[in-house]
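Chemist: I am attaching a structure below and will ask some questions about it afterwards.
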Amino acid sequence: MQSVNRGEMLAASVIVAPRSWLQIAVIFTADVFMLRDGKYAAWFRTPNGQGTGVVHLAEGRISGSDSFFTYGGSYQFADDQRFTAVLTTRRYAEGPPTVFGLDEVEVSLSGVCSGAMATCSGTARQAPGVQFEATLIYSQEDVPAAEARCAVVKLNADKLPKGLDGRSRPRHPFTPPKAPLS
C-alpha cells in the first residue's frame, strides 16, 4: 500500500489471465480511513454565525482553539466511518459572542469521516435549539527536508572591520532618526 492524498490509500491487486502474462488487469480501490491523530482545520457554524479554529485529535481526545476559545473533549468510532464526540468550549480572551450565544457549552456531536475530511453536527446541552455543524480538514504536517549538508564556517574575528567605515555611523539607540531635509 502507498499513502497518497492525505490519508486516502490505494490498494492494487493484479489479476493474471491464464493464457498470457501480457493480459494483466490492475484494480484500484480507495480505502476509507477513520480520523487519524493530527491537526485539523475546523470550520463551524450555527444559525447565529460561523467561525474557524484548529483542532488536534489524539487517541480519542480533542483539544484546540481559535482566537477567543479553547476546545476540549473526546471522540469514539461507531464503525470505520461514523463517530460520536463530546466537545466543550471555554472562553480565554475577550471577543465577539460565540456561535451559541454562550461562552461555555458542551456539544454532543455525531458525524462521518472520509479520507482527510470529517463532517459532524449536533446541539449543545445549554442551547438545545441551536443546531451546530462542523467540518474538519486534515492539515498535512510539514515534511522535513532531506538531511541538509551545511558547511561549517569558522569565524575569524581578525577579518572583521576594525572601526567605523563610510557605510556606518554611531547612533544612540534611543534617538529617533532625523527626517531628511527637503
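The numbers here are math on the coordinates, done by the rules we state, and not lab data. Owing to the predicted nature of the structure, the values given are computational and were not obtained by experimental measurement. Here Cβ is always computed from backbone atoms with ideal geometry, including for glycine, and neighbour counts include all displayed protein chains.
Chemist: So if we plug the beta-carbon distance of T135 and E104 into 1/(1 + (r/R0)^6) with R0 = 25 Å, what FRET efficiency do we get, rounded to 0.05?
Modeler: Numbers: r = 23 Å, r/R0 = 0.92.
It comes to 0.65.
Chemist: Along the Cα-to-Cβ line of S67, 7 Å from the Cα, sits a label point; which residues in the stretch 36-53 have backbone N less than 12 Å from it?
Modeler: 51-53
Chemist: Roughly speaking, what is the stretch gain from T84 to T119, that is 0.36 nm per residue apart minus the C-alpha to C-alpha distance, in nm to one decimal?
Modeler: Full extension from T84 to T119 adds 11.5 nm.
Chemist: Sorted by mean Cβ packing within 10 Å, highest first, what order do the peptides 124-132, 65-73 take?
Modeler: On the way: 124-132: 15.0, 65-73: 17.0.
Per-residue mean Cβ counts within 10 Å order the peptides as 65-73, 124-132.
Chemist: If you take the beta carbon distance between V112 and Y92 as r and set R0 to 22 Å, what does 1/(1 + (r/R0)^6) give as a FRET efficiency, to the nearest 0.05?
Modeler: 0.15
Chemist: Throw me the Rg/Rh for the stretch 38-138, computed over C-alpha atoms with Kirkwood Rh, two decimals.
Modeler: A ratio of 0.93.
Chemist: Using amide H atoms built 1.01 Å from N in the peptide plane, name the residues 5+ places from S65, or on other chains, whose amide H lies under 5 Å from its own.
Modeler: The answer is V54, Y71.
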